[in-house]
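Structure first, commentary second.
The values are calculated or read from the model by the stated rules, or taken from the named source; none is laboratory data. Quick caveat: nothing in here was measured; it's all calculated off a predicted structure. Cβ sites come from the backbone with ideal geometry, for glycine too, and all protein chains shown count toward neighbours. For the accessible areas, the whole protein counts, side chains as well, though only heavy atoms, and no ligand, DNA or RNA atoms are used. Shrake-Rupley method; radii C 1.70, N 1.55, O 1.52, S 1.80 Å.
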Amino acid sequence: MAQIEGDLTAFLDEWHSLPEVFDNTLDAQIHRWYAEALDSKPVFPKRPYFSPSSANSCPRELYMKAKGAKRDEQRKQPHQGRWTRIGTAIGDMIQRDILFAEKYFEKLTGNKPPFVFERNEQGQPMFEEFAKVNTEINWRGHSFYLYGTCDGILEYTADDDEKIRVGLEIKSKQTSSAQTSLYSMRNPSPDHVRQCIAYSAMYDVDYYVILYVNASKQGWHIPEEKAKKTPDIRAFGMAITDEHRADLFEKFADVLDALESGTPPALDLDKWTFNNFKTACAESLSDDEYADICEIVRVMRRSNLPEWKKTKYAEALEFIEKVREGL
C-alpha cells in the first residue's frame, strides 16, 4: 500500500507542477455526463439502508434514522456552509484533474498516468452520480443495503504493469497547513477508514486510498524542506479484508436488532458534533439514560481531559436539556 500512496501523491504533485491544461471538449464531456445522469432514472435508496459516510456514526443516531425520525434542520454558522462547499469543490477538482491527466499526462511527461478512472457500462467514469448503487448485504439474519456513491474507483498500474482496482476517497482540511504535516497527521481518521470499508463492500474492491487535500497554505513560496515536512496533500492506503467488513456489518446488524427489540442503543457523546438527529435522540432518551448522561458530563468536567472535549460534552448536555424542557 505504501507504493500506491507514494505513486498517487507523486502523480498529483507532478501534474500540478505542470502548466494548467485547458480542453473545452473534455470539460463539455464532463458536463454532458452529469447532464445525462440527471436526465436518467435516479437511484433511490432501498430500505433498510446505511450510508458509508455514517459507518462510524453514533449507533443511537443510526437507530433514530432507521426509525424514520426527522433530521435536524437547524441553521448553521455561514462559514460552515462555505467550508462544506469548499470540500466538495476540492473533490471535484481532483476528479477533473485525473480525467485530464488520463488524456494529457503522457504527452506532457513521457510517462503513462499510473491512475485512471474505471468506467461504468455507459463509459462514464466511476465516481459520484455515475457510480451510485444499492448493494445488498445479508448478515446475521438481516438483509440491508449500503447506499450511496464514491469519490472514485481507480485503475492503478503498478511498476510491473499489473492492473489493480483501487478505491479513492477525497477529504479536505481547511483550518491550518499543519493539519497535513508529517508530525500532525500520522494516520487517517477512523471515521474515514470505516467509510472506505463500506465502499469496499459496495464496489468489491480490496484496496482503498484516502487522499487528504489541505486548502490552507503556508504561503505562495515555500522552502523545499518546509514543504516536505508540511505537504498540502497526504495519501493513506489500506488493504481491506473480510474481517474489516464483518466488523462493520456487525455494527449495522446491532442497530437492526435494536429496532426489532425496540431497545435503542446508548447515545455516544463523542460523536455528538456531527450527529444529524440530535433532537430526535434527545427526545428519545429515557429518564435513566438522561441521568447517566448528566453523570458522564459531571465526571468529564472534573477530569484532566482537554478543555475542548469538556466543552463538547457540556454543549451536548445543554442541547439535550433544552429539548427535554420543551417536551
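Overview of values
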| read-out | value |
| --- | --- |
| Gyration tensor (alpha-carbon) shape descriptor, segment 189-327, a/c threshold 1.5 | oblate |
| Counting DSSP beta bridges with both ends in the chain, the antiparallel % (nearest 5) | 70 |
| Accessible area in square angstrom per residue, segment 1-90, 1.4 angstrom probe | 67 |
| Segment 114-210 - accessible surface per residue (Å², probe 1.4 Å) | 44 |
| Cα-based helix-to-principal-axis angle, 190-203 vs the chain, degrees rounded to 10 | 70 |
| Descending semi-axes in Å of the chain, equivalent ellipsoid built from Cα gyration tensor | 38, 25, 19 |
| Theoretical FRET efficiency, 1/(1+(r/R0)^6), r = Cβ-Cβ of Val323 and Arg71, R0 22 Å, to 0.05 | 0.90 |
| Percent accessible area from carbon and sulfur atoms, segment 1-85, protein chains only, probe 1.4 Å | 52 |
| Segment 153-248: relative contact order as a whole-number percent, Cα under 8 Å and 6+ apart | 33 |
| Rounded tilt (10° steps) of 307-325 against the dominant C-alpha axis of the chain | 50 |
| Sulfur and carbon atoms: percent of accessible area, segment 112-218 [1.4 Å] | 44 |
| In degrees, nearest ten, helix 287-301 long axis to first principal axis of the chain (Cα) | 60 |
| Whole-number percent relative contact order across segment 62-178, with pairs defined as alpha carbons under 8 Å at least 6 apart | 19 |
| Two-decimal log10 I(q)/I(0) for segment 1-126, as the Debye equation yields it once each C-alpha is a single scatterer, q = 0.12, 0.17, 0.20, 0.21 Å⁻¹ | -0.74, -1.14, -1.25, -1.28 |
| For segment 216-313, accessible area per residue (1.4 Å probe, heavy atoms of protein chains only), Å² | 61 |
| Test item: Cα-centred dipole of the chain, Lys/Arg +1 and Asp/Glu -1 on Cβ, debye | 1180 |
| Above-threshold pairs, the threshold being 30 Å between Cα atoms, out of Lys65/Lys171; Lys107/Lys173; Lys163/Lys217; Lys228/Lys251; Lys226/Lys278; Lys173/Lys310 | Lys107/Lys173; Lys163/Lys217; Lys228/Lys251; Lys226/Lys278 |
